[in-house]
Amino acid sequence: MKYDLIVVGGGPAGLAAAKAAREAGLTRILILERDKELGGILNQCIHNGFGLHRFQEELTGPEYAGRYLAMLEGTGVETRLDTMVLEVTPDRRVCCINPRDGYREYEAASVVLAMGCRERTRGAIALPGSRCAGVFTAGAAQRFLNMEGYMVGRRVVILGSGDIGLIMARRMTLEGAQVLACVEVMPHPGGLTRNIVQCLEDFNIPLYLSHTITDIRGSGRVEQVTVAQVDENRTPVPGTERVFDCDTVLLSVGLIPENELTRQAGAQMDPRTGGAQVWENMETSIPGVFACGNVVHVHDLVDFVSAESERAGRAAAAFVQGSAGQAGPVLELQAGQGVRYTVPQKLRLSQVEKNAEVFFRVTRMFGPARVQVRSGEQVLARFARDRMAPGEMERIAVPRVLLDKADAEQALVVEVQEETP
Amino acid sequence: MRELTCIVCPKGCRLKVDEAHDWAVTGNSCPRGAEYGKAECVAPTRVVTSTVRIEGGTHRRIPVKTSGPIPKKDVFAAMALLDAVCLQAPVEAHVPVVRDILGTGVDFITTRAMKRED
Ligand SMILES: Cc1cc2nc3c(=O)[nH]c(=O)nc-3n(C[C@H](O)[C@H](O)[C@H](O)COP(=O)(O)OP(=O)(O)OC[C@H]3O[C@@H](n4cnc5c(N)ncnc54)[C@H](O)[C@@H]3O)c2cc1C
Ligand code: SF4
């Protein structure tokens, strides 16, 4: 049987894409999910702070997922759980395996890739010290604690100040553990300011900026962790070491988009995002194969994941229905000064409706500044910002009427200009 | 003048609260910030999220939250109330599992449904 759309991954990205494609008129839609239920990472994110943009309400992760599950109910969208996708081919055959049906291959008129991220591990950051038990990624600890009912430790040091680490600092404290320190190698926190306040400051958990873990000791289980200050080259400064007696280290040191399938399918990748290069409608370099959510670039807010994924779902529907417009001039986006990457990486002008939405991250902290979009010497649009931080994804909507003035021979540069006080 | 960061939404505005003038708030980008700034100085509150034990469900824990904010000073005492709770699957979303937490009028409610898994 041939599906109109197969969605790989049933997290918020996959759910939103399926919903939008259904609303746009596709009927044979299948979601493949390797876990035993839909919802993705949201099932373990029991804290609130989701949905303020999308639903104008503060929801917990499970509640946010629940909203999308309710929207899909009765729509005829099929799901197969416990199903691992092994391969997606450029001609859109999807190979998967599960304990009931064994190995299966399905054909699809369009595919949405929504596999999310996985966490960077101890090996990935070459953390020194003994190979003892008690070192977890923060997200793994979150799943143990919130879903499977295991308390992962009593005296905890957290490395990295990304949102997951901060959320876990509070969560472990509420469950009776003592969080001794949150250690961040950069001079600024990785997570949202609100999480610094409500997860660390509320519980008097010290945050050591420009510090890192230089040693982990323990036979069997973690016993001691050495923390030292680092200089501007992130090299530990001798004489600044302090030792914490603890039994657990949680790592919140970044996420990596999970793109084995994408690469294998032959999609062009962007080394800066770790995800596929995408067009304005979230299509990858392979026609009819779309990608959205954390698998494209790491998001901090699920609301933006949903918005981007609904766009992907609608585009998949247009592709299948043959209503996708003809190619016209193409604009290539370039991350200029102060900008680390942009998503999308390319725009087909004819496909842009009123605005082209562009997501990006800045390379460092900025005070009052302007984000400008430039084609050659010509500045097309400017957006004022009071402050920007690398930990917070930025979004601009560039009006189509301005993009029409761009020179297709030149890259469209997105850059930051600091306001001179 | 007290300076604090608004935690109501991810924007995280820097607020200044003037204790001498009826906790007048500046630096907020929306009315919710003004409300938060005053409350944080007069009677700080938090929404608490956690989990409780569940038997016979897809997982061993089911997530819960307070149905509204409770006084910040009561957070740990409220958490302790959850230790005694054990639910039996199946359970619907938004059912109370502890009522009237410490006389606040606020309940702990489930934040998802959980099926029975045999
Ligand atoms: C711990 C944590 C805390 C967060 N806190 C907040 C917050 O407070 N507020 C907020 O707005 N956002 C928060 N976020 C961000 C937000 O939750 C994520 O951006 C969002 O969940 C990403 O959605 P996704 O669908 O792209 O990925 P995921 O939720 O990771 O879903 C991907 C799904 O794909 C499945 N999958 C992967 N590979 C395969 C395969 N080969 N075959 C079949 N299935 C596969 C996975 O099992 C998973 O279910 C948080 C994220 C994390 C990780
Ligand atoms: S003042 Fe308003 S916009 Fe600013 S952080 Fe608070 S709720 Fe958000």
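The values are calculated or read from the model by the stated rules, or taken from the named source; none is laboratory data. Since this is a predicted model, take the numbers as computed values, not measurements. Using ideal geometry, Cβ is built from the backbone for each residue, glycine included, and neighbour counts are taken over all protein chains shown. Just the protein is used for accessible areas: all its heavy atoms, side chains included, with ligands, DNA and RNA removed. Shrake-Rupley method; radii C 1.70, N 1.55, O 1.52, S 1.80 Å.
Quick one: is A:S130 closer than 26 Å to A:T235 by Cα and over 26 Å from the mean Cα position of the chain (by Cα)?
In short, yes.
Considering only region A:256-290, state which residues are of a type in the set (A, V, I, L, M, F, W, C), over 28 Å from A:G123 (Cα atoms) and surrounded by 24 or more Cβ atoms within 10 Å (Cβ to Cβ).
A:V278, A:M282, A:V289, A:F290
Just to be sure, is A:T75 in contact (Cβ under 8 Å) with a residue 24 or more places away in the chain, in contact with a Leu (Cβ under 9 Å, 6 or more places away or on another chain) and open to solvent by 30 Å² or more (accessible area, probe 1.4 Å)?
Considered against the rule, which asks whether it is in contact (Cβ under 8 Å) with a residue 24 or more places away in the chain, in contact with a Leu (Cβ under 9 Å, 6 or more places away or on another chain) and open to solvent by 30 Å² or more (accessible area, probe 1.4 Å), A:T75 comes out as no.
Anything in region A:322-341 that is at pLDDT below 95 and not in a strand (DSSP E or B)? List them, or say none.
Selection gives A:G322, A:S323, A:A324, A:G325, A:Q326, A:A327, A:G328, A:P329.
Where in region B:17-85 are the strands (runs of 3 or more DSSP E), entirely inside, with at least 2 residues that are open to solvent by less than 60 Å² (accessible area, probe 1.4 Å) and modelled with pLDDT of 95 or more?
The qualifying strands (runs of 3 or more DSSP E) are B:49-55, B:61-66.
For residues that are surrounded by 23 or more Cβ atoms within 10 Å (Cβ to Cβ) and either part of a loop (DSSP other than H, G, I, E, B) or of a type outside the set (S, T, Y) (or both), tally how many sit in region A:52-63.
Residues that pass the stated criteria total 3.
Could you figure out which of (1) within 16 Å of ligand 2 (Cβ to nearest atom); (2) within 11 Å of chain A (Cβ to nearest Cβ) isn't true of B:K65?
Only one criterion in (1) within 16 Å of ligand 2 (Cβ to nearest atom); (2) within 11 Å of chain A (Cβ to nearest Cβ) is unmet by B:K65, namely (1).
Return the pair list, or none, for Cβ contacts closer than 7 Å from residues in region A:125-154 that are of a type in the set (F, W, Y) to residues that are assigned to a loop (DSSP other than H, G, I, E, B), at least 6 apart or on different chains.
A:F136/A:V152; A:F144/A:Y150; A:F144/A:V152
Identify the residue in region A:83-103 that is in a loop (DSSP other than H, G, I, E, B) and more than 17 Å from A:G116 (Cβ to Cβ) and, among all such residues, is farthest from ligand 1 (Cβ to nearest atom).
A:D91
I'm trying to understand the selection: among the residues of region A:370-380, which are over 25 Å from the mean Cα position of the chain (by Cα) and surrounded by 18 or more Cβ atoms within 10 Å (Cβ to Cβ)?
If the condition is that a residue be over 25 Å from the mean Cα position of the chain (by Cα) and surrounded by 18 or more Cβ atoms within 10 Å (Cβ to Cβ), then A:R374, A:S375, A:L380 are the ones that fit.
For (1) within 24 Å of A:Q56 (Cα to Cα); (2) touching a residue at least 40 places away in the same chain (Cβ under 8 Å); (3) within 15 Å of ligand 2 (Cβ to nearest atom); (4) within 12 Å of chain A (Cβ to nearest Cβ), each residue gets a yes or a no:
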position: B:K16; (1), (2), (3), (4): no, no, yes, no
position: B:H21; (1), (2), (3), (4): no, no, no, no
position: B:A24; (1), (2), (3), (4): no, no, yes, no
position: B:N28; (1), (2), (3), (4): yes, no, yes, no
position: B:A80; (1), (2), (3), (4): no, no, no, yes
position: B:E92; (1), (2), (3), (4): yes, no, no, yes
position: B:V95; (1), (2), (3), (4): yes, no, no, no
position: B:T104; (1), (2), (3), (4): no, no, no, no
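Would you mind finding the one in A:G66, A:G49 that is within 14 Å of chain B (Cβ to nearest Cβ), part of a strand (DSSP E or B), open to solvent by less than 70 Å² (accessible area, probe 1.4 Å) and out of contact with any Ser or Thr (no Cβ under 7 Å at 6 or more places or on another chain)?
Step by step, each of A:G66, A:G49 is checked, and only A:G49 is within 14 Å of chain B (Cβ to nearest Cβ), part of a strand (DSSP E or B), open to solvent by less than 70 Å² (accessible area, probe 1.4 Å) and out of contact with any Ser or Thr (no Cβ under 7 Å at 6 or more places or on another chain).
Can you name the number of the only condition in (1) in a strand (DSSP E or B); (2) modelled with pLDDT under 95; (3) within 16 Å of ligand 1 (Cβ to nearest atom) that A:E357 fails?
For A:E357, the failing item is (3).
Given (1) at the interface with another protein chain (Cβ under 9 Å from one of its Cβ atoms); (2) in contact with a helix residue (DSSP H, G or I) (Cβ under 6 Å, 6 or more places away or on another chain), where does B:R53 come up short, assuming only one miss?
(2) is the only condition that B:R53 fails.
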